[in-house]
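Each remark here refers to the structure printed beneath this line.
The values are calculated or read from the model by the stated rules, or taken from the named source; none is laboratory data. On a predicted model such as this, the values are computed, not experimentally measured, just so you know. No Cβ is skipped: glycine too gets one built from the backbone with ideal geometry, and neighbour counts run over all protein chains shown.
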Amino acid sequence: MEFEFIRPHLLWLLIPWVVYSALQWSKKSNQKSAQLIAPHLMKVVMGADGQKHQKQSNSWLGIVFFLLAIIAVAGPSIEKQEVPVFKTQAPRVLVLDMSYSMYSTDLAPNRLTQARFKTLDMLKQFKEGETGLVAYAGDAFTVSPLTTDVTTLENLIPSLRPEIMPSKGSNVYAGIEEAVSLLTGASATYGDIILVTDGLEQEDAEDVQKLLSDSPFKLSIYALGTAQGAPIKLPEGGFLKDQYGQIVVPKLFPTRLEKLARVKGGKFASYTADSSDIETFKPNLGANTSVLKRDQESAKWRVDAGIYLLIVLIPLALLLVRNHAVMLSALVVFAMLPQQKALANEWTQWFKNSDQNALQAYQNEAFDEAALADNPVLKGAALYKAGDYEGAVKTLEQTSSVEGQYNLGNALARLGKLDDAISAYEKALSLDPDFTQAKDNKALVEALKDQQEQQNQQDQQGQQDQQSQQDQQGQQDQQGQQDQQGQQDQQGQQDQQGQQDQQGQQDQQGQQDQQGQQDQQGQQNQQGQQDQQSQQDQQSQQDQQNSQAGSESEQNNNEPELDAARQDQQAADEQTQEQKQQQAQAASTPDPEQSPQDEEKAQAAMMQDSRPLTPEEIEKAQQLNQLLRKVPDDPAILLRNKMQLEAQQRKQRRLPRGAEKSW
C-alpha cells in the first residue's frame, strides 16, 4: 500500500493557506481580550470591533475547511485498480512447409500429418493475440490473415497439402517474406514468426537472416523429421524420384535450423512424441517484458480518496455560510443546470480568426465546421476527412504548396483518378524532393495502376476467350441442327418414296388382277370368236407379269434400306420418350438432401404456378440441378483455386527461389 497524491502540483495552494493562517495567528491576542466580555455586551462595549472579533473567530473554521479542500483536490490515493485496456500478446504468423518432402515417412504416418497435429496443438496455446497462417511450396500464399478466430485456422489447416499448391518446391524465403508482409500490413511493432518445416538449404538460411535483420520480428522454428530421413511416399502410390531416377530421401539438419532461430532470440524445437516440443512455443513475455510491465502499470488506475473528504467538508461549508444558506442553495442548483458547450467556448473564439477556429475544429474532428476555413489547404484537408473528395479536389486545385498538392493526390486517388494523382504527387516532389510520404503514396498508386491494368487485360482476355468459346459452341450447335435436319429430311424422303413405291405396286397389282379377270371372262364368252384377241391378251399378260417381277425385284432390293431407316427412327423415338419420362420423374421426385422447409416452399411455388413446365424447361432445370451438385465444397479445392488465381495474377516470369527441386 503506497500513499501518494494523484495531482501533487495542486499542493502549491498550501502556500497562500500558510500565509493566511499566519495572519490569523498574529491576531490571537485580540481574540483573548474579546473572550473577557460577554457576547451580548460586545456590541455595546466594543461597537464594530465586536463584530470584527466574531468574524475572526469564524476564520479558524475557514482555515480548517480550506486545508481539507486542498488535500481533497490534490487527490490522495492509497490503492490501485487494474483496468484491462490493452492486449498483452504480440501477433504471430504460422508458416507451414507444403513441399513434397513433407510426405517423407520417417515420422509415422508422414511428416505432413504430424505437422498438422502439432500446429493444431499450438493454436490451443494461443489464447490471446492475433494469429495468421501462410503456406509455401514453390511460392508462398496467405491462407488466413491475422485474426483472433482460432476456429477458422483449425478448419483450414487439415485441408493443406502439397497437391493444392500451384507450384512445387521449397521456397522458404517467400514464406518468411509473406509473413513479414502480413505483420507489417497490420502495423505491428513486434511479432513472432513460427516456421514449421523439415529443412532448408544453407543459402536460403542466409537470405532469410538478411531479410529479418532489419525487421522487428522474431523467427522461431519447429523442425520435423530425422537425420536418417526416409523416402517420400506419394499419395497416388510409389516414391518420389529425382531427375536421375533415384529415390529421394530428405534428411533433417537441425543444427542449421536452430542456428537460424537463435539469431534474433527465437525459439527452436524438434518433433517429440509428447507435448514438450509444443510447450516451447507457449506465449510468454520474453524479450518484451519491460514494455509489457510498463503497459500494465499504466493500465492500473489510482483510486482517488479525496471524494471521502466531502463527508467533512459539506458540514463545515454549511457552518461557514449559515447566514447565506439561501444564496448557497441557489448557487448549487444553478451549477447543476445543463450548460451548452458552444456557449462555454464562445468567449475563447473571440480572440481567434476563422482559420484558427477551423484548425481547432479540425483537431476536434469537427470536419464540417473546419471546412468553413478560408485557407484552401485546411479547407481541402477538412473536406477530405469528411469524405467529400470531389469538393477537396476543387479546393486543393487552387493551391500550389507542397501540402496542398500532396492532399490533392490523395483525394484524386480516392476518386480512382490514378494518373492525375501521380501528377499531383510529382508536383509535390518537385517542390520538396525529400517528401517521404509523397514518394510512398506515389509508389503505391503506381503499383495500384499496374495492378488494375493487368486485371483489365486479364478480364479482356477472359471475355475474348469466353466469346470465342460461345461462337465455337454456336457453330457446333448450328452444324448439329443442320445435320439433324438433313437426316430428318432424308428419312422423310425415303419414307415418302417407300410409300409411293408400295402404293404404285398395289395399284399395278390391282389393275393386273382386274385385267386378268376381264380377260378370263372374255375368253369364256368369246372363246371361239376372239382367239386372236385372246392370244394378244395372253401376250400382254405375260409382259405385265414380267414387269411385275421386275418391280418386285426392285422392291426387294430397297427393303433393307427402308427397314434400317424405320429402325433408326423407332430407336430415336424410344430414346426421346425415355428422356421425357426421366425428366418428368426427376421433376416430380424430391431431393433427398432437401430440407422439409425447402420442400414446402418448393411445393407452394409449384402450386402457385399452374402452368405446366415444357420439356425444354424441365431439361434446363435438371441440368441446373446437376451443375449445382457438381459445385465443390471441399476447403482444399477452394484453397487450391484461390492460390492458383493469385499465382496467375502475380505472373512471375522467372523461376521462383527454391523451385529447382520438386521436393
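Inspection of segment 243-255 identifies no residue that is in a strand (DSSP E or B) and surrounded by 17 or more Cβ atoms within 10 Å (Cβ to Cβ). Segment 1-103 holds helices (runs of 4 or more DSSP H) entirely within its bounds, and those carrying 2 or more residues that are modelled with pLDDT of 75 or more map to 14-26, 48-74. Scan segment 604-624 for residues that are surrounded by 13 or more Cβ atoms within 10 Å (Cβ to Cβ) and either at pLDDT below 75 or touching a strand residue (DSSP E or B) at 6+ places or on another chain (Cβ under 9 Å) (or both) and the total you get is 1.
Among residues of segment 146-175 being polar (S, T, N, Q) and assigned to a helix (DSSP H, G or I), the one that is nearest to the chain's Cα centre (by Cα) is T152. For segment 178-198, a tally of residues being modelled with pLDDT of 90 or more and either assigned to a loop (DSSP other than H, G, I, E, B) or more than 20 Å from the chain's Cα centre (by Cα) (or both) returns 7. Of all the numbered requirements in (1) modelled with pLDDT of 90 or more; (2) loosely packed, with under 15 Cβ neighbours inside 10 Å; (3) more than 20 Å from Y136 (Cβ to Cβ), K210 misses one, and that requirement is (3).
Out of S430, S401, one residue alone is modelled with pLDDT under 85, of a type in the set (G, A, S) and over 30 Å from L645 (Cβ atoms). It is S401.
For (1) without any contact (Cβ under 8 Å) to a residue 60 or more places away in the chain; (2) touching a Pro at 6+ places or on another chain (Cβ under 6 Å); (3) closer than 17 Å to K259 by Cβ, each residue gets a yes or a no:
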{"position": "A179", "(1), (2), (3)": "no, no, no"}
{"position": "L182", "(1), (2), (3)": "no, no, no"}
{"position": "I193", "(1), (2), (3)": "no, no, yes"}
{"position": "S213", "(1), (2), (3)": "yes, no, yes"}
{"position": "A223", "(1), (2), (3)": "yes, yes, yes"}
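If the condition is being closer than 14 Å to E177 by Cβ and not in a helix (DSSP H, G or I), then segment 199-228 contributes L200, D214, S215, F217, L219. Taken residue by residue, segment 148-157 has at least one member that is buried (at least 16 other Cβ atoms within 10 Å of the Cβ), touching a residue at least 60 places away in the same chain (Cβ under 8 Å), touching a strand residue (DSSP E or B) at 6+ places or on another chain (Cβ under 8 Å) and at negative phi.
Got at least one residue in segment 105-120 being buried (at least 23 other Cβ atoms within 10 Å of the Cβ) and among the acidic types (D, E)? Checking segment 105-120: not a single residue is buried (at least 23 other Cβ atoms within 10 Å of the Cβ) and among the acidic types (D, E).
Rundown of residues vs (1) more than 31 Å from the chain's Cα centre (by Cα); (2) of a type outside the set (S, T, Y); (3) outside any helix (DSSP H, G or I), yes/no style:
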site	(1), (2), (3)
Y384	no, no, no
E390	no, yes, no
T399	yes, no, yes
N407	no, yes, no
G416	no, yes, yes
I422	no, yes, no
P433	yes, yes, yes
K439	no, yes, no
Q457	no, yes, no
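A single member of T148, T131 is farther than 27 Å from L234 by Cβ, at pLDDT below 90 and out of contact with any His (no Cβ under 7 Å at 6 or more places or on another chain), and it is T148.
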